[in-house]
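In what follows, a single structure is set out as structure tokens and then discussed.
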Number of protein chains: 2
Amino acid sequence: MHITNSKFVKKHMTTLGLGLALLLAAQQVIAGTIIDVSQYGVTKNDGSDSTYQIRKILEMAKQQGATKIVFPKGKYDFYPDRAMQKNVYISNNDPGVKRIIFPLDGFENLEIDGQGSDFMFHGGVNPFVLEDGKNIKFSHFSVDFKRSFHSEASVLATGDGYLDIHIPEAFPYKINTAGILTFVGLQDSPPGKILIPKLERRIAVDNASDYQFKRLLEFDAKLRETAYMRKDIQTGNGLPAEKLPGDRNVRIFQKDLVATVGNIMTFQAKYRKYPGFVVSDSSDVVLDNITIHHAGGMGLLAQRSHNVTMQNSKVTPSEGRYVSTTADATHFVNCTGKIQLLNNLFENQKDDATNIHGIYVAVDKILDAKTIDVRLQHPQQYGFDFIDAGDTLELVHAPSMNTYSTAKVASSERISEEITRVVFQDKFDSRLQEGDSIAEVRDYAEVLIKGNTIRRNRARGMLLNSRGKTVVEDNYFHAPGSAILFEGDANFWYEQGGVSQAIIRNNVFDNSFYAQWGTGIIAVAAGIDNKYKESSRYNKNILIENNTFKVFDYAPILNLFSVDGLVFKNNVIEKNSAYPARAKYKHLFVVNHSDAVSIEKDNTFVGFEKSKEELTKFSTSL
Amino acid sequence: MHITNSKFVKKHMTTLGLGLALLLAAQQVIAGTIIDVSQYGVTKNDGSDSTYQIRKILEMAKQQGATKIVFPKGKYDFYPDRAMQKNVYISNNDPGVKRIIFPLDGFENLEIDGQGSDFMFHGGVNPFVLEDGKNIKFSHFSVDFKRSFHSEASVLATGDGYLDIHIPEAFPYKINTAGILTFVGLQDSPPGKILIPKLERRIAVDNASDYQFKRLLEFDAKLRETAYMRKDIQTGNGLPAEKLPGDRNVRIFQKDLVATVGNIMTFQAKYRKYPGFVVSDSSDVVLDNITIHHAGGMGLLAQRSHNVTMQNSKVTPSEGRYVSTTADATHFVNCTGKIQLLNNLFENQKDDATNIHGIYVAVDKILDAKTIDVRLQHPQQYGFDFIDAGDTLELVHAPSMNTYSTAKVASSERISEEITRVVFQDKFDSRLQEGDSIAEVRDYAEVLIKGNTIRRNRARGMLLNSRGKTVVEDNYFHAPGSAILFEGDANFWYEQGGVSQAIIRNNVFDNSFYAQWGTGIIAVAAGIDNKYKESSRYNKNILIENNTFKVFDYAPILNLFSVDGLVFKNNVIEKNSAYPARAKYKHLFVVNHSDAVSIEKDNTFVGFEKSKEELTKFSTSL
């Protein structure tokens, strides 16, 4: 229950109780602990809004201690109007009062079984928010949104400082009096709703903020992946535009616009408000056979949770779209126990397939020898609550990310979304100064990433930042940026990272890093200040073996700094011509400021012009 | 406590208790019930952030039952970082999680006495939010924001589809790669704050949403009022723009841009998130000798409160600005008892001086003969909670606004911010249908508006929509729109109105309605469908006597429809040439679909070309 609830909700819950009693009186209660939603007013395939009934059913399920909620296979629709509302803080997504379709607070031993159903969400809603749950399973259903939070258009023609695009009907837009293009919502209501036209227009305008964009990215229409070497074009929400002849054809202007005719220009969502599944302060959670076609944020975001598994699932766009989720497919923050990603497909999401990390806060103010104020730095982390009495915190020199001490918390006071006052049990290390960083020392999650396919997304494959044992095996990577990145920084994202044991084996890296996110196929991007890179060894003990690397040029397979211990052994590296080679890359192994990095002799190189000896030489630059 | 609080807050409050104990142990507690903030770590005139100390002091004041909190005269600063946060629903302003500097929840018998101090607020904060208070007084201080939520610029030159403007440093802006102008926040931190440049930029970008605009309005630089006959120019947030030679000179483009060189173009705030004073579910509240220089929304918003007085106070811009509050100076929703506005100055606010009304909800769904779902229609009313067991509701035919029946509530269930399920004690009137409107029948507030000056604002003077006795006397009006408007509608704003007894006497109406908001100096603008105007008598029993009307042409002094009973007697109407006369206006008294409207013989007309008989003839059109 750390992501807050409100009196509003409590009031609601008591009145719900009343409603529920009526419902139970009016309907037959099914024996046992399995609830079939069709028995409680939920209808399929008719476009009606099932949101309110689901709230009632969840309340009943909790009271009965139901172990399973079953949806007979079909299509179910969920609208915002009658959704439960709650102020929630979801790390790495934008906070705020959310409309939650499946509010799952304090459930234990429950499976939600879709039996192959499709769940269609309408408007700005949060499909699943699980808090303080234990032993929860989601299985056999798909999640999609009628109107995606991003937009897409096909490129008809290009010119100096402009693009001509065609915007399909699925992505409603307007061009205002000043000639500025923005995107808006669908006029989208359940059958039978009374519409008051003036109001609907007004609400549509208000809802338009959900469809704001902040940058463009080109997708290759044939390969259905981000176009070769393209990167994000930063914009505001709104581009100067002119209507062109032809239905929904528009010319958009910005001096750095560039694209290939026939490709798809995607307008990337400005906000991350509507992640698909939120798992907060919960344990033993499984997503099995789930398809996430879309989410306005991450597909699965787990925070402060223990043992989370996603398996046999897909993040993949629905028919006709080039983009699935508008941010990472999965993301894990301050989790413990085991994190497992098994046999999933992660494709076309607008950011990494996963990122597993902790959170740093900055020392904002030293009040006395035992007391400090710490500050969450990144607005998307605001409200992330993690410092409690008894916790051990590590004290970190931010520019080097070196941990120089730890201290035990006596008490903490949450002052605001970003500020927490911490009183330590003893005087803290006298080296501590304002601007330093602090993170929780915990049972860092063990990570198993096995049997997944990662492709066609924006940015990177896997961001490995857990200090627990991390195994990445039997996966297929075709990411436009680094397939595997060791991240973490205390100057922008404030994400705690630094692996202590990572094993990367039996994977296929298929022409990853064909675009510009990252610096190599497997790379370090920790935010260590240049002058501290030599004194920092943030990532340790990495084994890379038995993998196949398919590459099309001499871009780095490894690009490392501040690493202590890496063995690259028994891998096969095959050169091909899938993409045009880039002249600027000349060395497969770029290593700086590191100890004990070795490229073993048993690696195999196929199709290269250069000798193995030459290929395996370390370089300190591209 | 209807505007919700959160577990977050409660957790905070308990830890505050601990912090408070420490504070009390460390500091001397003053005897008696007056707290001098300077005794508790609050310092003046040094730019430091007093937010956190004020939270502690308020908590202490509550525990001690303090009757007065005193600020020694000086300048005090308040920043968002350590403000209490709470999800609040403030009618006619935008809902959301607010950062509240003076969170006043459940106080009784308290005065906050500024002793002439100036309170400067920084960033997106809510100065005062009073909930469930009794007998509360605010006195002797001013409220201002370092960075206003609207922006202003002077007009350097004009051309076809563009304006050249100079934007003062007080209003930071940017022009992005696409050449679009938007406004941003100040880099504004208390002395000594550690700044992390990359992050500060990021946060500045996020905060930029607070400074969005939605339309432009020209102010006359000499008269410091909205320019003659100008109206709002609708825009998006962002205009195509080019940098011009000269510091902060910019050309902005939109085909309908028009202005006079030398005047001031104001960029009107898109959102209303930060009203100055919120009074919710409270009674006997007085603002005395308060100056509101600015607020990001209304100056004073009172909802569901009993006996609220604002006296000897000012809403007026601070030095150098043309605009004070970005919305109404004051606004009262579903209030009871007495509403008093006495001897105030209301100037340069971006909307009416006051609006006193109830709220309609629409019947969204009829569930059975006793049960309906009702829907708050206007997004800025979402979360407005007003239907409880035992309440009597009026059932209203929306297009005519005729009340055809009432019904008593057995129970209600709040489903979401906009939907409430209502079960009536008995079967409701069978005429009730989906789309009808419903409002609370209550002890409608008596209103006394006396001795105020209203001028230089955008839009209207007073919107009179209370069904309690309403007296407007001894005021000076110089509003660009209607000085007095009888509003109310059930198709857009969903504001319940309809006076039952209004007395308007001894006022000076000094060349009001010199621009285009409204249809006359005193006018009806109720949202009654044309085909129902004859069958509706929404406003009743209006006496207009002993006033002076200064007019510059034949625009309507009265423009009425659907009124039953209005007497216009013993007024003096003087014609002058303060503004250019407008040819389209030909009749001082326009009356349609009304009964018992009389212009008495004792009115005096001075300076007109036409005879009194001609002047006092009713017309049905302009």
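For A:Pro190, the conditions (1) in contact with a strand residue (DSSP E or B) (Cβ under 7 Å, 6 or more places away or on another chain); (2) at pLDDT 95 or above all hold with the exception of (2). Exactly one residue out of A:Ala555, A:Ala578 is of a type in the set (Gly, Ala, Ser) and either surrounded by fewer than 22 Cβ atoms within 10 Å (Cβ to Cβ) or outside any loop (DSSP other than H, G, I, E, B) (or both), and it is A:Ala578.
Would you be able to say whether some residue in the stretch A:320-331 is surrounded by fewer than 21 Cβ atoms within 10 Å (Cβ to Cβ), closer than 14 Å to A:Phe121 by Cβ, touching a residue at least 24 places away in the same chain (Cβ under 8 Å) and of a type outside the set (Asp, Glu)? No. Any residue at all in the stretch B:517-528 that's buried (at least 20 other Cβ atoms within 10 Å of the Cβ), over 26 Å from B:Phe492 (Cα atoms) and out of contact with any Cys (no Cβ under 7 Å at 6 or more places or on another chain)? Checking the stretch B:517-528: not a single residue is buried (at least 20 other Cβ atoms within 10 Å of the Cβ), over 26 Å from B:Phe492 (Cα atoms) and out of contact with any Cys (no Cβ under 7 Å at 6 or more places or on another chain). Looking at A:Phe605, is it within 15 Å of A:Leu543 (Cα to Cα) and among the aromatic types (Phe, Trp, Tyr)? Spelling it out, it is not the case that A:Phe605 is within 15 Å of A:Leu543 (Cα to Cα) and among the aromatic types (Phe, Trp, Tyr). Looking across the stretch B:239-262, the residues that are crowded, with 20+ Cβ neighbours inside 10 Å and more than 13 Å from chain A (Cβ to nearest Cβ) come down to B:Val250, B:Ala259. The set of residues in the stretch A:386-398 that are within 11 Å of another protein chain (Cβ to nearest Cβ) and surrounded by 20 or more Cβ atoms within 10 Å (Cβ to Cβ) contains only A:Ala398. Restricting attention to the stretch A:400-447, the residues being more than 26 Å from the chain's Cα centre (by Cα), within 14 Å of chain B (Cβ to nearest Cβ) and in a loop (DSSP other than H, G, I, E, B) number 6. Count of the stretch A:292-319 residues, restricted to those that are assigned to a strand (DSSP E or B), touching a residue at least 60 places away in the same chain (Cβ under 8 Å) and under 16 Å from A:Asp351 (Cβ atoms), is 3. Kindly establish whether A:Tyr79 is of a type in the set (Ser, Thr, Tyr), within 20 Å of the chain's Cα centre (by Cα), within 14 Å of another protein chain (Cβ to nearest Cβ) and under 30 Å from A:Ala208 (Cβ atoms). Spelling it out, it is not the case that A:Tyr79 is of a type in the set (Ser, Thr, Tyr), within 20 Å of the chain's Cα centre (by Cα), within 14 Å of another protein chain (Cβ to nearest Cβ) and under 30 Å from A:Ala208 (Cβ atoms).
A:Gly451 passes every criterion in (1) under 30 Å from A:Val315 (Cα atoms); (2) not assigned by TED's automatic domain parsing to the domain that holds A:Leu558; (3) not aliphatic (A, V, I, L, M) apart from (2).
Among the residues of the stretch A:500-526, those identified as farther than 30 Å from A:Thr403 by Cα and at pLDDT 95 or above are A:Asn506, A:Asn507, A:Val508, A:Phe509, A:Asp510, A:Asn511, A:Ser512, A:Phe513, A:Tyr514, A:Ala515. For the stretch B:207-238, a tally of residues being in a strand (DSSP E or B), within 14 Å of another protein chain (Cβ to nearest Cβ) and farther than 20 Å from B:Gly185 by Cα returns 2. The set of residues in the stretch B:581-608 that are under 19 Å from B:Phe513 (Cβ atoms) and assigned to a loop (DSSP other than H, G, I, E, B) comprises B:Ala581, B:Arg582, B:Ala583, B:Lys584, B:Tyr585, B:Lys586, B:His587, B:Leu588, B:Asn603, B:Gly607, B:Phe608.
If you check A:Tyr40, A:Tyr52 for being more than 14 Å from every other protein chain (Cβ to nearest Cβ) and at pLDDT 95 or above, only one passes: A:Tyr40.
Only residues that are among the polar types (S, T, N, Q) and under 15 Å from B:Gly236 (Cβ atoms) were counted across the stretch A:167-206, and they come to 3.
Here A:Phe277 meets each of (1) in the same structural domain as A:Ser324 (by TED's automatic domain parsing); (2) surrounded by fewer than 24 Cβ atoms within 10 Å (Cβ to Cβ) with one exception, condition (2). Is there a residue in the stretch A:295-310 that is at pLDDT 95 or above, more than 16 Å from the chain's Cα centre (by Cα) and not aliphatic (A, V, I, L, M)? There is at least one residue in the stretch A:295-310 that is at pLDDT 95 or above, more than 16 Å from the chain's Cα centre (by Cα) and not aliphatic (A, V, I, L, M).
The values are calculated or read from the model by the stated rules, or taken from the named source; none is laboratory data. Please read these numbers as outputs of a predicted model, since none were measured by experiment. For neighbour counting, all protein chains shown are included, and Cβ atoms are generated from backbone atoms with ideal geometry for every residue, glycine included.
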